[in-house]
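Heads up: the structure comes next, in structure tokens.
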Amino acid sequence: MDASVVKVMGMTWYRGQFSQLQNRAFRSYQPRICLKCPSVQAERSKRSPVRAGISRALKFKTGTKICPLRSCASVSSPFSASRAMTSIGCELLNSGMPMNVSFYGSVGGPWATSYASNSISRSYSQTAKAGTRNRIISTEGGSSGKNTTDAAEVPDSSKKISGAKEVRKGKSKSKNKQPKVPPESNLTVAEVVESVDTPKTVQKKVKRSPARKKKSTVESSSLPKSNVDFTGKSNLKVSPTPTSCLVSKAKPLGGKAWPQLYPPISKSVVVVESVTKAKVIQGYLGEMYEVLPSYGHVRDLAARSGSVRPDDDFSMVWEVPSPAWSHLKSIKVALSGAQNLILASDPDREGEAIAWHLIEMLQQQDALREDVSIARVVFNEITESSIKSSLQAPRDIDADLVHAYLARRALDYLIGFNVSPLLWRKLPGCQSAGRVQSAALALICDREKEIDDFKSTEYWTINAYFQNNNLNSTNNATVTSHLTHFDSKKLNQLSISSDVEAKSIEEKINISKFEVIGSKTSKTRRNPPMPYITSTIQQDAANKLNFAASYTMKVAQKLYEGVELSDGKATGLITYMRTDGLHLSDEAAKSIQNFVVEKYGPNFATKSTRKYFKKVKNAQEAHEAIRPTDIRRVPSSLAGVLDADSLKLYTLIWCRTMACQMEPAIIEQLQCDIGNADQSIVFRSTCSRVEFLGYQAAYADAETIRVRHSDDDGGHRNDVFEILSKLKYGQPLYLTSVELDEHHTEPPPRYSEGSLVKKLEELGIGRPSTYATTIKVLKDRKYVTMKSRALIPEFRGRMVSAFLSHYFSEVTDYSFTADMEAELDNVSGGITEWKGLLKDYWTRFSKYCESASGVHIHQVEKMLEKTFGDFLFSSLRDGNRTCPSCLAGTLVFKVSRFGAGYFIGCDQHPKCKYIAQTLYGEDNDDDIQDQQKRSVEEPKLLGLHPASQDKILLKCGPYGHYVQLGEDRKGHPPKRASLSHIKDVASVTLDIAIDLLQYPVTLGNHPDDSQPVILKLAKGGFSIRHRRTIAPVPKNLKPSEITLEKGLELLNGKDVKRCGRPKQKKSAEPAEAM
């Protein structure tokens, strides 16, 4: 029997002795390599039907018959092969290795055994990715006696692969027909590029209706099969599916030959995201290129439950919005006369996904002919040179970035569409929860809790003012200093805790004589700031320009896409604004240095290019830092081109970019100590001045008049510095005055948008490109409000955060969210398999959902009451929670059974219906003062009714103030009258209450049907009612003046309304049978 050996990523199998590898550790990774044994036994024992029409050919240097590889996309085992049987007809055993085994393999044969090496527990980011990284490294004949070759010892297999043309499968060919491999094939090293599609779904053909003008189309789809070429001496070409240009970074197709895109030799269609980009790029490329916009994504996950199906291998249901069909039609029409389709979307994960969606939809519409080549190009800036350079470096669609997009979309969808329905049922008015959104909300709410728990402490500071000459001199300069030592002890912030202690120290200071006891001068170098990335430009724009994060990204998008300059040419002004990378291209850095030398002189420019580095979680998305596309385009030259906000942001970017390639600023600091004779009392005076501006020259430039640097106020200190520098050791100073200042410690400040972005970046939560959207969602959901540039959580947001922290601890856990973000970035880097990650997370998350769905709403009420009890009952007098109405119940926090909101009411409901406070009602969107929302008003006794001697109470309920006759009793609802028509409730007296409680009053019977005509008091005021007819009483008409005749007149007026359910008409007689 042939004993050839195949070694795959450390796993060794003998040819003819394969077993179907079904290790539990690989079941979540879904690799796509299918090995079909070429031995005689395996050829006889072939029993698995071909379930996918994707054929692959692998040629072995062996005398046995060559058989093609086949992709069993629908096989349930993650790492599948054609089933091999032993000579006695028994299927080989499957190994069942635990999850902590890093490499697996099985040695086949009648006595098959399993082995594992390097048994180390690994995370997803450390485990070898079976789906996209495993490849066949080498094949050797067993009779040769050679050992198997390790992956590191094998030369790059891409050198053995020539660039063959991709041949599209004809429609007339059979779906399962396999290509024939010539027997004279003599390939010794072969590389298998795995397909990156989602199994089970890619083979489903979407039947297109001739009527394409539908509002939306929903289809279940996933990544397309990669087009794979295996070329040896026989020049075999296998092209199983339409060209998808999709390839993993781990497997570059080094031998692929791309058509010439620039200079153009044939017509090309270029697709970008926006109309602005399309217009600018069209002006650069000319008539041989047709640049069309896709207007963002042409399809997205259907916004309904079930669009991501964990039970069906995380298949997804995509929905095409109505406008996207017209955009796709425009691209399809343009392709009819073109030879090349160039996908030029943004150079990030979303841009890669847009390109993939376009290919998927165009393939479904049969818009890609066999002779159309598909290329992906990326550029970091929209300039003519950058666009043309990118056309000379085409590539395939990056499968790992598309996987990262799918993983994030699926994960966010699963969290949102499983947690949000629970919030709707358990917490009315709370609309949604998301992965990054919940962690950001938890940060804001945790900071608010710190502020609530903070206890302020009083402390005092003492400042003294000295003069260096006689007090009577007119040419004296005053030296300001602060107390640092008293009674030979160093003071800290809280050392002086009371005014008594401060005045005692003041008395001792006033009777002391002081002199200079020490002086110290030092120099420090202040390095220039790093160039902008997405997060830092959001922070700076928020701090210096007061821009919201979302607005900053909107303005930056306009600057990136390009504007028309004064000379009539359109160009992009800045590089791509969604980036984590701090580096600048060598050409850009050199240009900045040259411009610095021209503008400020050679002393201000760095001797060599300054390079910045940052440990970015995902190097694949680390593009160049944000900078102007042309540093010589100064802000003043754009004054008439850009609007005010765009010019401010451009100035900020221009200053930062100039500064990052300039010399550090040199700061000279002077410290002078002033003390008494025994030095038991010491004051200190400090000052600094700029000795060399360095990078600060860029911020002091006239170009930056709109954006001033925070350090620009140092110039006025030069006079003070000169005074301190002239003081000599032992020189007496005269005390002129002592100043005592009272302070109180302050709680940590609330997050602003800039500080929240900085905190999220420090913790590794989310991606910088999503921070603006995350904050906007929190504000739109009214979970937080912006006041004085601070993010303040609403009580609704605090309830959502508490609910998630209690029942979905992983969703709001900072470290877990950051680790999940790192794993998602590993998907982009080609390290982690995306479906394995989703399966692992969904297994745990679904248990949280099951547990939370069984929680009763009363349990949620108790949890919230325990968490926010101090806040909810802070307005109660003396903290007494006894119901003031029935005096038997206790005030508790409750959720409205009608979903209207939340309130504090008596726990004896429905026996006692007292409501002390309404937190949110139907009109919760109105701006209500915080004091009004939190106030709890007790019933006011107006007096006794003269007839029944019952109490008449003035009360406040969820719909406003009202008067009530008698106490609340079970089975006997008291009579009430609304006071909504009275503006000044405090003016209501006992007589007014008695007069209002007499209503409703019957004015008489209607002459037509003898039914009563009633004058009643409702929430909107007085009205006349007759059966279903209601007529409002004019405000200028007193209720006591209304008679039956006046009531009938109002009922016949124009403002009459009808209420209740109208009478149903009698059904017509059934028609006679024909």
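The values are calculated or read from the model by the stated rules, or taken from the named source; none is laboratory data. This is a predicted model, so every value here is computed, not measured. FYI the Cβ positions are ideal-geometry reconstructions off the backbone, even for glycines, and counts take in every protein chain you see. These accessible areas exclude ligands, DNA and RNA; they are computed on the full protein's heavy atoms, side chains included. Shrake-Rupley method; radii C 1.70, N 1.55, O 1.52, S 1.80 Å.
Quick notes on this one:
- Once the Cβ-Cβ distance of residue 989 and residue 613 is raised to the sixth power relative to R0 = 51 Å, the FRET efficiency obtained is 0.05.
- For region 415-504, the Cβ-based charge dipole about the Cα centre amounts to some 420 debye (Lys, Arg positive; Asp, Glu negative; other atoms uncharged).
- Qualifying trypsin sites (Lys or Arg not before Pro) for region 496-604 [loop in DSSP, other Cβ within 10 Å: at most 16]: 513, 569
- Estimated FRET transfer efficiency when R0 is 60 angstrom, pair residue 370-residue 452 (beta carbons, to 0.05): 0.30
- For region 318-427: span of alpha carbons on each principal axis (Å, largest first): 56, 30, 22
- Cross-link check: pairs 256/835; 983/1016; 388/607; 782/866 evaluated at a Cα-Cα cut-off of 27 Å; pairs beyond the cut-off: 256/835; 388/607.
- Each residue of region 387-402 is assigned a 3J(HN,Hα), and the resulting list reads 5, 5, 5, 5, 5, 8, 9, x, 8, 7, 5, 7, 5, 5, 5, 5 Hz, derived from the Karplus form 6.51 cos²θ - 1.76 cosθ + 1.60 (θ = phi - 60°), x at Gly and Pro.
- Here's the picture: a label point sits 7 Å out from the Cα of residue 492 along the beta-carbon direction, and within region 744-775 the residues with their amide nitrogen under 16 Å of it are 745-746.
- Percent carbon-and-sulfur accessible area, region 589-679, ignoring ligands, DNA and RNA, probe 1.4 Å: 47 percent
- Amide H within-cut-off set for residue 695, under 5 Å, with H built and near neighbours excluded: 663, 665
- In terms of distances greater than 28 angstrom between alpha carbons, the cross-link table entries 599/759; 787/847; 277/329; 911/1038; 558/758 yield 599/759; 787/847; 911/1038.
- Restraint check, 862/894; 913/951; 449/544; 554/776, Cα-Cα greater than 19 Å: 449/544
- Applying a DSSP loop filter and a limit of 15 other Cβ atoms within 10 Å to the GluC sites (Glu not before Pro) in region 343-422 leaves 370.
- Projecting the Cα positions of 638, 697, 676 onto the charge dipole of region 633-708 (unit charges on Cβ atoms of Lys, Arg, Asp and Glu, taken about the Cα centre) puts 638 furthest along the positive direction.
- Treating r as the C-beta distance of residue 975 and residue 1045 and R0 as 41 Å, the FRET efficiency rounds to 0.90.
- Solvent exposure of region 627-783 as accessible area per residue, Å², 1.4 Å probe: 42 Å²
- Under the combined filter of DSSP loop state and at most 14 neighbouring Cβ atoms within 10 Å, region 281-321 retains these GluC sites (Glu not before Pro): 287.
- Amide H contacts under 5 Å for residue 516, placed H, 5+ residues apart: 730, 731, 733
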